[in-house]
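Here is the structure we will look at.
The values are calculated or read from the model by the stated rules, or taken from the named source; none is laboratory data. Remember, it's a predicted structure, so these values are computed and weren't measured experimentally. Cβ sites come from the backbone with ideal geometry, for glycine too, and all protein chains shown count toward neighbours. Only protein heavy atoms, including side chains, enter the accessible area calculation; ligands, DNA and RNA are left aside. Shrake-Rupley method; radii C 1.70, N 1.55, O 1.52, S 1.80 Å.
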Amino acid sequence: MSDNNGVFNSKDYKISRRAYTLECMFEYFVALLVADAFIAKLLKYFGTSDALCGIISSFISLSFLFQIFSVLIMGRIKNTKRTAIIFHTAAQFLFSCLYFIPFLPADNGVRQAVFIICILAAYFGNYFVTNLIYKWGNSFVNPHKRASFSSTKEMVSLFAGMIVSLGLGYAIDKLDESGDLTHGFLLSSVCMLVFCSADLVCLICIKSGDKKEEEDKPKLRLSDIMKNTLGNKNYVHTVILKCLWWGATYVTIGFLGTYKQEELFYTLGQIQIINIIGCAGRFLLSKPFGKFSDKHGFVRGIQLAMAVAAAAFAVNIFTAPGTRWFIIVFVLLYNISLAGTFQNMINISYAFVDVKYFVQAAALKDCIAGVFGFLCALASGRLLSVIQENGNTLFGIPVYAQQVQSAVSLLFVIAAVIYAQVTLSHKKTLLQ
């Protein structure tokens, strides 16, 4: 694809790219507050077990199932901007409602049920249009610079996110220490409402797609979608690759929020400092990863990132109360790996699937990988329960469940690197 006579340098395209970058930043702020230690703090307030905390934290994986609806009806959508705004904004505001749940006049069982319903509904709205927004936002980006733009966009989110997470982490810690944790939840909800409003403004500022082009775009038959996605061997390889990666992720990551606070004895503020160290590493290496991927391809970028992830999980195998500082090394290495996996796992669809099937291809991939990831989280949660019920031992060996989970994740990552090398590393890619 050419530069189309400088259209990517036009004022409308530049404004749209900036608005999309900021929209991703505000969306990231909300995501920070429904993940890791923040969400674990809320769930433990309801009296939720460690295993259930990890499983609920992994709902994001199962929620990708909702993208199957986008496969079925995306071709009927005539106004991308309006559809994206309605569903995405509703979902973001629903996320902010999670922190109002402690104020419900009900017992903890009811609160947990309401929490699960709300977070699933929020993820439904979010992931129903996530790939639609991704394709819409990236339509204003020169395809020759897509990985570099993605890394820049990520750097903006990471830098601002460090400030937000640290500030809120310490504020909630102080309120918790004074016996006023519910006001910490209220503060979180108010901040999320502000972020959601800013997110909406950014979406409004992104240029609408060409009206005539959207009205005239052909309706894609389900048989055509299946033929150009699951009927495409290279695409299927990318799906399996993502399954392996998400298997590695969801076996361990969702269970670390409580581990950091209860076994490793870190406060929420300290956890945010550790996360900032990780985000700083990801920030510094995001641009180099983007340039590397633009030059050598998305597959090579993923492989390089996974090599770093393998080192991260290897270190975490040895993380225990006596070596609790190892978690800092893990968080740093794991976040650095995300600089090469997060965007490349999405962009890889451009390399092997016709762009007109991008939304459907990305949705199907996320659905399949999401189910696999959630099943891995369920199995991992059962493993955690068994180890804890046996006094933190496995086969008579003293060990924490998160150490065993990290070992399983390491095996998944190694399998993913080998699989990418065998199936995708030498395949011809598309530029579109």
Phe372: closer than 23 Å to Gly137 by Cα, open to solvent by 60 Å² or more (accessible area, probe 1.4 Å) and assigned to a helix (DSSP H, G or I), yes or no? no
Determine if segment 417-425 includes at least one residue that is at pLDDT below 95, in a loop (DSSP other than H, G, I, E, B) and on the phi > 0 side of the Ramachandran plot. no
Restricting attention to segment 223-253, report how many residues are under 25 Å from Ala37 (Cα atoms), open to solvent by less than 20 Å² (accessible area, probe 1.4 Å) and either in contact with a Ser or Thr (Cβ under 6 Å, 6 or more places away or on another chain) or among the aromatic types (Phe, Trp, Tyr) (or both). 4
Taking the stated definitions as given, is Val408 under 23 Å from Thr323 (Cα atoms), open to solvent by less than 60 Å² (accessible area, probe 1.4 Å) and in a helix (DSSP H, G or I)? yes
Among the residues that make up segment 377-385, is at least one of them closer than 18 Å to Asn138 by Cα and among the basic types (Lys, Arg)? no
Residue count for segment 262-274, restricted to those that are under 22 Å from the mean Cα position of the chain (by Cα) and closer than 18 Å to Thr48 by Cα: 1
Could you list all residues from segment 375-384 that are modelled with pLDDT of 90 or more and either open to solvent by less than 30 Å² (accessible area, probe 1.4 Å) or of a type in the set (Val, Ile, Thr) (or both)? Cys376, Ser380, Leu384
Do the conditions hold for Leu62, that is, is it surrounded by fewer than 23 Cβ atoms within 10 Å (Cβ to Cβ), modelled with pLDDT under 85 and within 26 Å of Leu256 (Cβ to Cβ)? yes
Of the residues Tyr357, Tyr350, Tyr334, which single one is touching a residue at least 24 places away in the same chain (Cβ under 8 Å), in contact with a Pro (Cβ under 8 Å, 6 or more places away or on another chain) and open to solvent by less than 50 Å² (accessible area, probe 1.4 Å)? Tyr350
Out of all the residues in segment 189-199, is one or more of a type in the set (Val, Ile, Thr) and open to solvent by 60 Å² or more (accessible area, probe 1.4 Å)? yes
I'd like to know if segment 281-294 contains one or more residues that are over 30 Å from Ile101 (Cα atoms), surrounded by 15 or more Cβ atoms within 10 Å (Cβ to Cβ) and polar (S, T, N, Q). yes
Do we have any residue at all in segment 289-303 that's of a type outside the set (Val, Ile, Thr), in contact with a Leu (Cβ under 7 Å, 6 or more places away or on another chain) and closer than 30 Å to Glu177 by Cβ? no
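Each row is one residue, and each column tells you yes or no for (1) farther than 26 Å from Arg282 by Cβ; (2) touching a residue at least 60 places away in the same chain (Cβ under 8 Å).
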residue	(1), (2)
Gln92	no, yes
Phe103	yes, yes
Ile119	no, yes
Asn126	no, yes
Thr152	no, yes
Ile163	no, no
Ser178	yes, no
List, please: which pairs have Cβ atoms under 8 Å, are six or more places apart or on different chains, and start with a residue in segment 259-277 that is in contact (Cβ under 8 Å) with a residue 12 or more places away in the chain and end with one that is open to solvent by 30 Å² or more (accessible area, probe 1.4 Å) and among the hydrophobic types (A, V, I, L, M, F, W, C)? Gly269/Leu166; Gln272/Leu166; Ile273/Leu166; Ile274/Ile328; Ile276/Leu166; Ile277/Ile328; Ile277/Leu332
Matching option when the condition is open to solvent by less than 30 Å² (accessible area, probe 1.4 Å), aliphatic (A, V, I, L, M) and modelled with pLDDT under 85, among Ile68, Ile56, Ile73, Ile101: Ile56
Here's a check for you: in segment 22-53, which residue that is of a type in the set (Ser, Thr, Tyr) and open to solvent by 40 Å² or more (accessible area, probe 1.4 Å) is nearest to Val190 (Cα to Cα)? Tyr28
